[in-house]
Amino acid sequence: MADLSVKVAGVEFKNPVIPASGVFGYGREYEEFYSLSRLGGISTKGTTGQMRTGNLAPRIAETPMGMLNSVGLQNPGIDRFISHELPNLMQKDTVIIANIAGSTPEECAEVAAKLDSTDVHMIELNISCPNVKQGGAAFGVTCEGASSVTRIVRNATKKPLIVKLSPNVTDIASIAKAVEAEGADSVSLINTLLGMRIDINTGRPVLRNNCGGMSGPAVFPIAVRMVWQVANAVSIPVIGMGGISSGRDAIEMMMAGASAVQVGAAIITDPFAPVKIIEEMNQFLDEKGIKSVREIIGSVKPW
Amino acid sequence: MKYTQGKYILLEKKAIAKQIYDFTILCPDIAQAASEGQFVNILPEGHTLRRPISICGIDREAGTLRIVFMAKGEGTQKLADTPKGANLDIVGPLGHGFAMNEVSGKTIITGGGIGVPPLLPLAKHYGSRAVVILGFRSADAVILKKDFEATGAEVIICTDDGSYGVHGMVTKPLEEEIAEAGQVLSCGPMPMLKAISAVSEAKNVPCQVSLEERMGCGVGACLVCACRVKKNGEERFGHVCKDGPVFDSKEVMW
Ligand SMILES: Cc1cc2nc3c(=O)[nH]c(=O)nc-3n(C[C@H](O)[C@H](O)[C@H](O)COP(=O)(O)OP(=O)(O)OC[C@H]3O[C@@H](n4cnc5c(N)ncnc54)[C@H](O)[C@@H]3O)c2cc1C
Ligand SMILES: Cc1cc2nc3c(=O)[nH]c(=O)nc-3n(C[C@H](O)[C@H](O)[C@H](O)COP(=O)(O)O)c2cc1C
Ligand code: FES
């Protein structure tokens, strides 16, 4: 049994596997499959200042080895999250990461400030959600936008702050450096890549929103590349995600420089994906005689 | 633990009409927990998204489930190609099914096309207290007629082109039967469900409809299967996989 524990921004995780924001709700549904205490942590559905109803359906499309979604940040709003979801989650013996978003930096800061007085372990600021028309994309795709939202959220909370980056940018490493300079304790990446599918029989986009965020195994090599570039550019810990669906993928992502990983689409394919990934990682490390998963973080030997 | 995921053996498979397959799957734990109107989410090998398929029969003693589905696109075609004896990766039982209320009048069970399979367990339950009205495109698309007749319910078949049974839509016989009905239970394409609800609501007969939407997780976590519903006068997004697939017709915003 290898030591799977990791530390990110001062927070201890019993293992590095975290269901990604948006696929796991607030954990209630998956508790019907397995105990949430087996997970390293949980990143909750993106929460905004007010309740949001999200986009019209269809909100999902299949792609070769992947999927598109256009949920559009549907959530009950921060007050209800704190009163109805967080107390339950805090009892699950796993690290709880509150994923937050907003249409303006001020909204993000307001949400972060409300979380500051709760027991939540970490805040993950989504500056990249490409689904909401006036949302993340507007400030998450430039260094100035990313800096300004990080600065104001940083001032609103003392909680460990993870900034979740958008891959829909020219140079993700420079955005990572910009948010590090504003006091982010960690960065997580990648959020979904903007995509589109058209039903050729009707000539209509499959998603009612026309475009959506792509994720799943198809994006994995892009995510590995971006995590590697970012890990080389910053000194804060990186949480890697995008297309991870096996223990081997998780190991690869950590070799690229991730201190922990998140799993999204793979949970939609297989509800047990996170627990299987934990078991497979452990098996791989044992086979290789590696005592701690921490040894593999950033261990890639580039040519 | 309410949900189960596993690999289950395909015991029997038959093609019962053009592109329509009838599977019997050995999955005792899911069969034990399943109820009328629920569905299972099946993963076609190599795909990212599971395919939601309604439960058409539950045999708790044998530990089997029956599903009847159309090979429509790539995923369902792959499921249809599964050889007998091979495994199917299934999550279930899922969703909020039909409320099996006891009513004083007749129970009308109605629907059409590939929406018909989940109605069979309802006909079994209500037997001779039910009238079953099924609609199909044409005679060669008619499925499960004998199965419905074996339940003891009165069965009326309609076809769009008149090649079998009543010529026209299910709402035609429904208009006649509704006067003596205590409730209507339905599943089929949206326009049909909308018409069925209108007929039922006009006579104040409670009506339950089983809806379809594209799904991801199937358990209520990913929020992709949204549908607009109205509850206590308040409009919101419901989720077909968890709040449904069966809804009170009055809640649905057509
Ligand atoms: C609750 C529920 C119960 C169902 N029960 C049955 C049944 O008993 N028998 C049956 O034949 N069909 C049933 N369907 C419809 C069935 O799920 C779709 O026909 C099937 O998913 C299409 O997949 P595909 O691979 O053939 O098509 P593709 O076009 O390859 O599918 C692409 C994606 O779109 C989704 N999709 C496409 N059409 C539909 C649809 N009509 N509804 C939901 N998702 C869709 C697929 O699941 C997949 O994610 C049910 C749907 C729902 C929501
Ligand atoms: C249905 C769905 C909903 C999502 N919702 C959110 C969200 O609310 N906030 C967020 O930061 N990311 C959200 N994401 C993005 C994921 O957290 C993750 O970054 C992305 O899907 C890449 O990982 P994957 O390939 O493992 O899915 C969502 C993804 C999916 C598939
Ligand atoms: S399919 Fe995920 S919430 Fe309904």
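The values are calculated or read from the model by the stated rules, or taken from the named source; none is laboratory data. Please read all numbers here as calculations on a predicted model, not as lab measurements. No Cβ is skipped: glycine too gets one built from the backbone with ideal geometry, and neighbour counts run over all protein chains shown. Note: accessible area is taken over every heavy atom of the protein model, side chains too, but ligands, DNA and RNA are not part of it. Shrake-Rupley method; radii C 1.70, N 1.55, O 1.52, S 1.80 Å.
Structure notes:
- Residue list for region A:266-299, filter: within 14 Å of chain B (Cβ to nearest Cβ) and over 26 Å from A:PRO64 (Cβ atoms): A:VAL275
- Within region A:251-303, the set of residues being within 21 Å of B:HIS47 (Cβ to Cβ) and either assigned to a strand (DSSP E or B) or open to solvent by 40 Å² or more (accessible area, probe 1.4 Å) (or both) comprises A:VAL263, A:PHE272, A:LYS276, A:GLU280.
- If you go through region A:13-54 and keep only what is away from chain B (no Cβ under 13 Å), small (Gly, Ala, Ser) and in contact with a helix residue (DSSP H, G or I) (Cβ under 7 Å, 6 or more places away or on another chain), you end up with just A:GLY49.
- Residue in region B:71-92 that is surrounded by 24 or more Cβ atoms within 10 Å (Cβ to Cβ) and in contact with a Cys (Cβ under 8 Å, 6 or more places away or on another chain) present: yes
- Candidate set: region B:218-234, residues that are out of contact with any Phe, Trp or Tyr (no Cβ under 9 Å at 6 or more places or on another chain) and either in the same structural domain as B:ILE53 (by TED's automatic domain parsing) or open to solvent by less than 80 Å² (accessible area, probe 1.4 Å) (or both); chosen: the one farthest from ligand 1 (Cβ to nearest atom): B:GLY233
- Every pair of residues 6+ apart whose Cβ atoms lie under 9 Å, when the first sits in region A:58-76 and is more than 17 Å from A:SER103 (Cβ to Cβ) and hydroxyl-bearing (Ser, Thr, Tyr) while the second is more than 10 Å from ligand 2 (Cβ to nearest atom) and outside any strand (DSSP E or B): A:THR63/A:ARG197
- Matching residues, region B:105-123, being outside any loop (DSSP other than H, G, I, E, B) and open to solvent by 10 Å² or more (accessible area, probe 1.4 Å): B:LYS106, B:GLY113, B:ILE114, B:PRO121
- Residue in region B:235-247 that is over 15 Å from the mean Cα position of the chain (by Cα), within 14 Å of chain A (Cβ to nearest Cβ), surrounded by fewer than 19 Cβ atoms within 10 Å (Cβ to Cβ) and more than 16 Å from ligand 2 (Cβ to nearest atom) present: yes
- B:ARG50 meets the conditions (1) within 16 Å of ligand 2 (Cβ to nearest atom); (2) in contact with a Lys or Arg (Cβ under 9 Å, 6 or more places away or on another chain) in every case but one. The failed one is (2).
- Residue, farthest from the other protein chains (Cβ to nearest Cβ), within region B:201-226, restricted to residues that are within 19 Å of the chain's Cα centre (by Cα) and away from ligand 2 (no atom under 16 Å from the Cβ): B:PRO206
- Test: B:GLU102 is within 14 Å of chain A (Cβ to nearest Cβ) and open to solvent by 50 Å² or more (accessible area, probe 1.4 Å): no
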